[in-house]
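One structure below.
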Amino acid sequence: FFDHYSYHCPANGHHKEIDLINRDPKQVNEDVVKVDFEDVIAEPDGTHSLDGVWKASYTTFTVSKYWCYRILSAILGIPVALLWGFLFACLSFCHIWAVVPCIKSCLIESQCLSRIYSLAIHTFCDPLFEALAKIFSSVRVVLRKEV
């Protein structure tokens, strides 16, 4: 069968390949939901169930996890993908049309305020500190060590 699925995106006119073998190429869920029987159920030395029970438990866990996921993804996968697509579209819309313009507006306003602040500092503080510098420039400090 096919290892890759190609589709045409009408929004931007590009073709996108979907890898049907490696479905987590960026390892988003590498450590989070990768759970095997040994990760959940473990019997320490000296506390072992019957071998048949252990094998049946392993098979039951593995098969039920596999089929439960397959059934849930078959029933809910497309509606949940639709909801996530809608959510990320809304987030993108808000970011593009509200957040970035708001930040840009704040940056423009802060540049204006920084110029006013700089002007006030140079107008009032510079003369004060220059006068203080002239006053204290004639002060000489001498340290003596007395024995």
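The values are calculated or read from the model by the stated rules, or taken from the named source; none is laboratory data. Note that this is a predicted model, so its numbers are computed, not measured. Every residue, glycine as well, gets a Cβ built from its backbone with ideal geometry; the counts of neighbours run over all protein chains shown.
What to note about this one:
- The condition of being surrounded by fewer than 10 Cβ atoms within 10 Å (Cβ to Cβ), of a type outside the set (Val, Ile, Thr), modelled with pLDDT under 95 and in a helix (DSSP H, G or I) does not hold for Ala120.
- One residue stands out in segment 29-46 among those that are surrounded by 10 or more Cβ atoms within 10 Å (Cβ to Cβ) and of a type in the set (A, V, I, L, M, F, W, C): the one that is nearest to Thr62 (Cα to Cα), namely Phe37.
- Flag for Ala42 being small (Gly, Ala, Ser) and in a helix (DSSP H, G or I): no
- Remark: Thr60 falls outside the filter, which requires a residue to be more than 24 Å from the chain's Cα centre (by Cα), assigned to a loop (DSSP other than H, G, I, E, B) and at pLDDT 90 or above.
- Test: residue in segment 40-52 that is on the phi > 0 side of the Ramachandran plot and over 29 Å from the mean Cα position of the chain (by Cα): yes
- Selection count where residues are among the polar types (S, T, N, Q) and surrounded by fewer than 10 Cβ atoms within 10 Å (Cβ to Cβ), scope segment 47-76: 1
- The numbered conditions (1) at pLDDT 95 or above; (2) surrounded by 10 or more Cβ atoms within 10 Å (Cβ to Cβ) are all true for Pro79 except (2).
- Among the residues of segment 33-61, the ones that are of a type outside the set (Asp, Glu) and under 19 Å from Arg23 (Cβ atoms) come to 3 in all.
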